[in-house]
Structure formats: structure tokens, C-alpha cells
Amino acid sequence: MARPRKPLLSYDRIVETARELVDAEGLSAVSTRRLAAELGVSGPSLYNHFRTKDEILEAVADSVSAQVDLSMFEDGRDWRTALHDWAVSYRAALRDHPNIVPVLARGPGRRPAALRLADAVYGGMVAAGWPAAQATSIGALMRYFIMGSALGSFAGGFVDDASAYDPADYPHLGQAHLLAEQQEKIDERAFETGLTALLDGLGGQYEQVGRDV
């Protein structure tokens with residue numbers, strides 16, 4: 001029996017192809033017609049796996065959540081180290097797939113990987129001694145911070161043109177045109193600075209939690 005010339009259509013293949021489209025061209029690039037063309041199949045065959053475009057985008061978002069390391073909540077790291085290492089892993093996943101962030105920002109919904117992520121963070125904080133309400137707030141706080149950092153580049157928002165920053169108008173932005181060329185370094189440093197500040201603040205609250213027990 002002759003082998004098929006094209007790979008068989010599968011859930012994972014559809015998600016991978018859709019993720020590549022989102023990465024390259026953005027959310028608007030995804031449609032059942034475009035996906036079918038990329039996969040070399042007829043449009044209706046996609047409906048055996050997904051009913052709508054939104055379902056496909058949800059699956060793409062969950063495939064990105066699945067890339068986030070959660071082992072730090074299971075291997076004995078203290079809560080602060082675990083939060084730090086998780087935040088770094090989470091941001092790395094979003095940095096690799098920034099165009100899907102608006103879908104992820106809607107919340108986990110029913111997405112399995114996203115729910116496992118939320119469960120791991122909440123469970124890790126409760127196990128460390130945080131009250132349930134504060135553990136929930138910590139998960140939300142970290143999500144806001146990480147998602148926000150992935151939505152755009154601070155350094156990349158400045159143009160490489162010194163004339164755009166006339167000292168007469170912007171006396172403190174004389175070097176702003178140099179920021180873009182150091183985008184990755186500046187953004188990484190900003191993320192670590194903010195993350196450290198967040199964890200320092202939580203550390204103070206944690207000490208109070210211990211005194212209140």
C-alpha cells in the first residue's frame with residue numbers, strides 16, 4: 001500500500017501551523033481557509049478537530065502556556081525562588097510568541113495547560129504558607145507583570161534618530177535614540193529590576209504573615 005504523500009492531518013499539526021502563522025503574521029493571519037491552504041487540505045477537514053477560528057487560537061495559546069516550566073513548584077525551591085524562576089520561564093515563552101499574548105491575557109478559561117499553570121502557582125504559594133486569598137492575589141499580580149512585559153518593548157519604542165529628541169523639548173532624552181540598539185539588554189534588565197522589586201515587597205508581606213500566625 002502506497003504511503004500518503006502528505007502528513008496526515010492532526011490536532012497537533014493544525015496547532016503548530018497556526019502558531020507559526022501567528023508568530024509570523026499576527027492573529028489576523030489565521031483563518032480556516034488560510035490554514036487549510038498551508039496544510040494542503042480542504043477547509044472542511046479542519047472541522048473534524050476545531051469548530052471555529054477562536055478554538056484554534058485558544059489551542060495555540062495553550063500550546064504556548066505548555067512551554068512554561070513548572071518544576072520549581074515541585075522540586076523544593078523556596079517560594080521566592082520558585083516565583084522568580086517561573087516568571088523568567090513564563091516571560092521567555094511569551095517573548096518567543098508575542099502575537100498570542102492578547103489571547104493569553106483573556107485568562108485561562110478552559111485551557112488545560114493554562115489551568116495547570118494557575119494551579120501550580122496557587123498551590124505552591126499555599127504550600128509555602130501564604131493564606132489562600134493572598135496566594136490568589138500573588139498569582140494575579142505576577143500574571144499582570146509578566147503579561148505586561150511581553151506586550152511591547154520599552155527600549156524598542158524609541159526611534160533611532162537623535163533629531164526626534166530635541167533638547168529644547170526633551171532636555172533629559174539626549175541619549176534616547178540609542179535605546180533601540182540595546183533593546184534586549186535594557187528590557188531584560190528592566191524585567192529583572194521589576195521582578196526583584198515585586199519579590200522584595202512580597203517578602204515583607206510574608207514576614208508579616210509569619211508573625212500573624
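Looking at Ala150, is it closer than 28 Å to Arg80 by Cα, open to solvent by less than 40 Å² (accessible area, probe 1.4 Å), without any contact (Cβ under 8 Å) to a residue 24 or more places away in the chain and hydrophobic (A, V, I, L, M, F, W, C)? No, not satisfied. Checked against (1) more than 21 Å from Phe145 (Cβ to Cβ); (2) open to solvent by less than 50 Å² (accessible area, probe 1.4 Å), Asn48 passes all but condition (2).
Looking for something part of a helix (DSSP H, G or I) and over 20 Å from Thr196 (Cβ atoms) - is there at least one such residue anywhere in the range 74-92? Checking the range 74-92: not a single residue is part of a helix (DSSP H, G or I) and over 20 Å from Thr196 (Cβ atoms). Within the range 155-186, being closer than 30 Å to Ala93 by Cα, in a helix (DSSP H, G or I) and not polar (S, T, N, Q) holds for Ala155, Gly156, Gly157, Ala176, His177, Leu178, Ala180, Glu181, Glu184, Lys185, Ile186.
Of all residues in the range 4-44, those satisfying the criterion of being basic (Lys, Arg) and exposed (fewer than 14 other Cβ atoms within 10 Å of the Cβ) are Arg5, Lys6, Arg33. Each residue in the range 146-167 was checked for being modelled with pLDDT of 95 or more, among the aromatic types (Phe, Trp, Tyr) and under 17 Å from Asp96 (Cα atoms), and 0 of them qualify.
Quick test for you: out of Met142, Met125, pick the one residue that is more than 15 Å from the chain's Cα centre (by Cα), surrounded by 14 or more Cβ atoms within 10 Å (Cβ to Cβ) and closer than 28 Å to Gly204 by Cβ.
Values: Met142 fails: more than 15 Å from the chain's Cα centre (by Cα).
Of the residues listed, the single one that is more than 15 Å from the chain's Cα centre (by Cα), surrounded by 14 or more Cβ atoms within 10 Å (Cβ to Cβ) and closer than 28 Å to Gly204 by Cβ is Met125.
Of the residues Asp75, Asp62, Asp96, the single one that is closer than 27 Å to Gln205 by Cβ and either touching a strand residue (DSSP E or B) at 6+ places or on another chain (Cβ under 7 Å) or open to solvent by 10 Å² or more (accessible area, probe 1.4 Å) (or both) is Asp75.
Screening Arg143, Arg116, Arg189 for residues that are in contact (Cβ under 8 Å) with a residue 12 or more places away in the chain, under 28 Å from Arg77 (Cα atoms) and either touching a helix residue (DSSP H, G or I) at 6+ places or on another chain (Cβ under 6 Å) or in a helix (DSSP H, G or I) (or both) leaves exactly one candidate, Arg116.
For beta carbons closer than 9 Å, sequence separation of 6+ or different chains, a first residue in the range 34-51 that is outside any loop (DSSP other than H, G, I, E, B) and a second that is of a type in the set (A, V, I, L, M) and open to solvent by 70 Å² or more (accessible area, probe 1.4 Å), the qualifying pairs are Gly43/Ala37.
How many residues are free of Cβ contacts under 8 Å to residues at least 24 places away in the same chain and surrounded by 14 or more Cβ atoms within 10 Å (Cβ to Cβ) when one looks only at the range 163-186? Count: 4.
The values are calculated or read from the model by the stated rules, or taken from the named source; none is laboratory data. A quick note: this is a predicted structure, and the numbers were derived from the prediction, not measured. Note that each Cβ is placed from the backbone with ideal geometry, even for glycine, and that neighbours are counted across all protein chains shown. To get the accessible areas, we keep the full protein, side chains included, count just its heavy atoms, and leave off ligands, DNA and RNA. Shrake-Rupley method; radii C 1.70, N 1.55, O 1.52, S 1.80 Å.
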